[in-house]
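Student: I am attaching a structure below and will ask some questions about it afterwards.
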Amino acid sequence: MPAAPRDFYEVLNVSKSASADEVKKSYRNLARKYHPDVNSEPEAVEKFKEIQMAYEILGDSEKRRRYDQYGMASVSSSAASDANGYGGGFAQAFSDLFDLFGQASRPSGTSNVAHGDDLRHDLELTLEEVAEGVSKTIKFPRMELCTECEGSGAKAGTTPETCPQCKGKGQVRFAQNTPLGTFQSIQTCSRCRGTGQIILNPCNVCNGNGRVRKIRERSVNIPAGVDTGVRMRLAGEGDAGERGAPAGDLYIFIYVKQHAVFERQGNDIACQVPISMFRAALGGTVSVPIIKGTEELKIDEGTQPGQVYTLKGKGIPDVNGRGRGDEHVVVNVHVPTNLTSEQRALLEQLALSAGETVEEHHENQGIFSRFFGKH
């Protein structure tokens, strides 16, 4: 990756409003021009890497959304290494180039062995875990290399043999005569299915597949500030590839549980706190919940129902390290429903002093007498 990467839209020569098809079309045109196989200029390799990385981000809708929102801060170091090494996330772009240049662009002598499949794992987190970051141990099934045959698929003591149909290339070339001339096409070998090898004595454990399904357990560090919908990529943690081909990736999809007290609003959180009408009128200090425990909050005199107080820096950390959100406390004023005679007398006295009209109260008056009066 160049030391100072340019804006990816500038690299691919498209506008920020360009459609996915426009991004792909521009990428293919630029890749055709700067691909090292067709361009021998010294700067072609670095230029091609830059183009590749730009398409790795803008060619994926989720990565493009995060890039539009956070810029280069959203680009992981693994994406950069993929672009430099033509691996990992390069698979989709390589597929596009394969279509662009045709099967002949595949390096000679390589077989058409399938890469391992990508896998998905859903991970549910609490708001408390999101606020601090957490390390989680996850378990997931995946295809791993068979230890009995070390992934070859051949029975112990034997080895795979070169496919006699494709001579180990995994591909077969066909010539077809047409009125416009002779055209050649390359197809995956039907006998070895692109591996370049055939197994006469398959392994007893994996039945010649070279892979077996196992439960993988590993620890995953979840950064603070993630939210529902965030996708984390663990390179090489997917299914093992066939016959030594690269493994797929594992994608962890984050889901954050709904909290009983707090409602998340981006990096801010909000909660409702009930206070008495007396505290609202007189002011004072109340204890309010925060992510880690409680904190004292000063209530002003004459606080009205629905008034919002803000606790700075008591929210969720920004996932890109740009500070921390706030906590917004919404005050709900609680009006008592069962007053003692002494409490009622005091409130009536207060109401009269404030110019309020106090209606006569009959404590033991029945329901019918309330409607029709005393007799």
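Student: So, in nm, how far is label residue 276 from label residue 330 when the simple model puts each one 7 Å beyond its Cα toward the Cβ?
Tutor: Computed distance between label sites residue 276 and residue 330 equals 2.5 nm.
Student: Something else about it: Could you give each residue of region 282-293 its phi-based ³J(HN,Hα) in whole Hz, using Karplus coefficients 6.51, -1.76, 1.60 with θ = phi - 60°, and x for Gly or Pro?
Tutor: 8, x, x, 10, 10, 8, 10, x, 10, 4, 10, x
Student: Shifting gears a bit: List the residues whose amide H sits under 5 Å from the amide H of residue 118, counting only those 5 or more places along or on another chain, with H placed 1.01 Å from N in the peptide plane.
Tutor: 249
Student: Go through 33/63; 25/63; 136/314; 24/167; 25/49; 24/136 and tell me which ones have a Cα-Cα distance over 29 Å in this structure.
Tutor: Details: 33/63 25 Å; 25/63 18 Å; 136/314 24 Å; 24/167 35 Å; 25/49 17 Å; 24/136 37 Å.
The answer is 24/167; 24/136.
Student: Would you work out the relative contact order for region 137-285, in percent, from Cα pairs under 8 angstrom that are 6 or more residues apart?
Tutor: Numbers: 245 pairs, mean separation 36.2, N = 149.
Relative CO of region 137-285 lands at 24 percent.
Student: Modelling each spin label as a point 7 Å along the Cα-to-Cβ direction, I'd like the residue 292/residue 358 distance in nm, to one decimal.
Tutor: Those two pseudo-labels are separated by 5.0 nm.
Student: Could you give me the ³J(HN,Hα) list for region 332-349, computed from phi with Karplus coefficients 6.51, -1.76, 1.60 and θ = phi - 60°, whole Hz, x at Gly and Pro?
Tutor: Residue by residue, region 332-349 yields 10, 7, 8, 9, x, 10, 10, 9, 6, 4, 5, 5, 5, 5, 5, 5, 5, 5 Hz.
Student: Over region 178-293, what percent of the accessible surface lies on carbon and sulfur atoms, probe 1.4 Å? Please list the in-between numbers first.
Tutor: Values: 3090 of 6370 Å².
With neighbouring chains kept in place, the figure for region 178-293 is 49 percent.
Student: Going highest first, how would you order 144-151, 17-24 by mean Cβ packing within 10 Å? Don't skip to the answer; put the middle values down first.
Tutor: On the way: 144-151: 18.5, 17-24: 13.2.
Final packing ranking: 144-151, 17-24.
Student: Sort 253-259, 300-306 by packing, meaning the average of other beta carbons within 10 Å per residue, with the highest value first. Can you show the working numbers first?
Tutor: Numbers: 253-259: 14.3, 300-306: 11.9.
Listed from highest to lowest mean packing, they are 253-259, 300-306.
The values are calculated or read from the model by the stated rules, or taken from the named source; none is laboratory data. Quick caveat, the model's predicted, so the values are computed rather than measured. In this analysis, Cβ positions are derived from the backbone assuming ideal geometry, glycine residues included, and neighbour counts consider all displayed protein chains. Just so you know, the surface numbers come from the protein's heavy atoms only, side chains and all, with ligands and any DNA or RNA stripped out. Shrake-Rupley method; radii C 1.70, N 1.55, O 1.52, S 1.80 Å.
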